[in-house]
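Here the structure comes first, spelled out in structure tokens, and everything after it is commentary.
The values are calculated or read from the model by the stated rules, or taken from the named source; none is laboratory data. Bear in mind that the values here come from a model prediction, so they are computed numbers and not experimental data. So basically every Cβ, Gly included, is an ideal-geometry build from the backbone, and we count neighbours across all protein chains shown.
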Amino acid sequence: MNALNIEKLVSEFPLVKQLIALEEVCWFNPNITTLAEGLPHVGLDQTNIKDASDRLARFAPYLMKAFPETAPSKGIIESEVVAIPAMKKILEQQYDTQITGQLLLKKDSHLPISGSIKARGGIYEVLTHAEKLALEAGLLSESDDYSKLFTDEFRDFFKQYSIAVGSTGNLGMSIGIMSAKLGFSVSVHMSADAREWKKNKLRAHGVTVVEYEEDYGVAVEQGRKEAENDPSCFFIDDENSQT
């Protein structure tokens, strides 16, 4: 982005000037709307939500076996909602305003398996793909106890297929860990700004990490090219995938 583009951006969105100056910024979307109104714009409806909910429920027995840390939530990937009274007190003092009720924090940073909000969408897409393959092969039916997927038989089956994704870190963590656990051969194409500990953790799970000096866009593009050259490879595109 050149200086001219930045000037135009600052002119249209003055808040950007504060960001450039590294000032603390709080922004609330003025165009926020309801779920019912927003879903049709992304091509989704309540049917899709129920379908996803049912699928995650089917996989819950498997997730409890594969990832014991999900047992307290019965195999559903969920995080705590906790009260944060100390922050509430500071905000009341800073803005000289009383906050009625409790101030709560949704700890999606502590979601089980991969530890970020990507643990939901990324893992769900892998599970959806795995289910599709197993159903088509006649190895699974929706009425089965999905804990049967936590066997060598299914790991050997999924080993025939591979998964690729481009990531700066969090998406790659969820895709890589889940795919490897099921038995897929998985490669995560990571951009230069990905954290070293995330790369190491993925490798510890048997994931192939492909590193690039360039940014996220290059990692995504290379991951997509790898998948295009391999008919057994499924590329996960978090920017354009409804799943």
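Counting residues in the stretch 64-75 that are of a type in the set (A, V, I, L, M) and in contact with a Gly (Cβ under 8 Å, 6 or more places away or on another chain) gives one or more.
In the set LYS107, LYS89, LYS118, LYS65, only one residue is in contact with a strand residue (DSSP E or B) (Cβ under 7 Å, 6 or more places away or on another chain) and not hydrophobic (A, V, I, L, M, F, W, C); that residue is LYS107.
Scanning the stretch 81-101 turns up no residue that is polar (S, T, N, Q) and surrounded by 10 or more Cβ atoms within 10 Å (Cβ to Cβ). Does the stretch 197-216 contain at least one residue that is at negative phi and touching a Leu at 6+ places or on another chain (Cβ under 7 Å)? Yes, the stretch 197-216 contains at least one residue that is at negative phi and touching a Leu at 6+ places or on another chain (Cβ under 7 Å). Of all the listed residues (ALA36, ALA71, ALA57), the sole one being assigned to a helix (DSSP H, G or I) and over 30 Å from ASP145 (Cα atoms) is ALA36.
Quick one: would you say ASP108 is over 21 Å from GLY172 (Cα atoms) and among the acidic types (Asp, Glu)? Answer is no for this residue.
In this structure, is ILE99 hydrophobic (A, V, I, L, M, F, W, C), over 22 Å from the mean Cα position of the chain (by Cα), more than 18 Å from SER179 (Cα to Cα) and part of a loop (DSSP other than H, G, I, E, B)? Yes, satisfied. Within the stretch 173-228, which residues are modelled with pLDDT under 90, among the basic types (Lys, Arg), over 20 Å from SER109 (Cα atoms) and loosely packed, with under 15 Cβ neighbours inside 10 Å? Listed by number, the list holds a single entry, LYS225. Among the criteria (1) at pLDDT below 90; (2) part of a loop (DSSP other than H, G, I, E, B); (3) over 24 Å from the mean Cα position of the chain (by Cα), the one TRP27 does not fulfil is (3).
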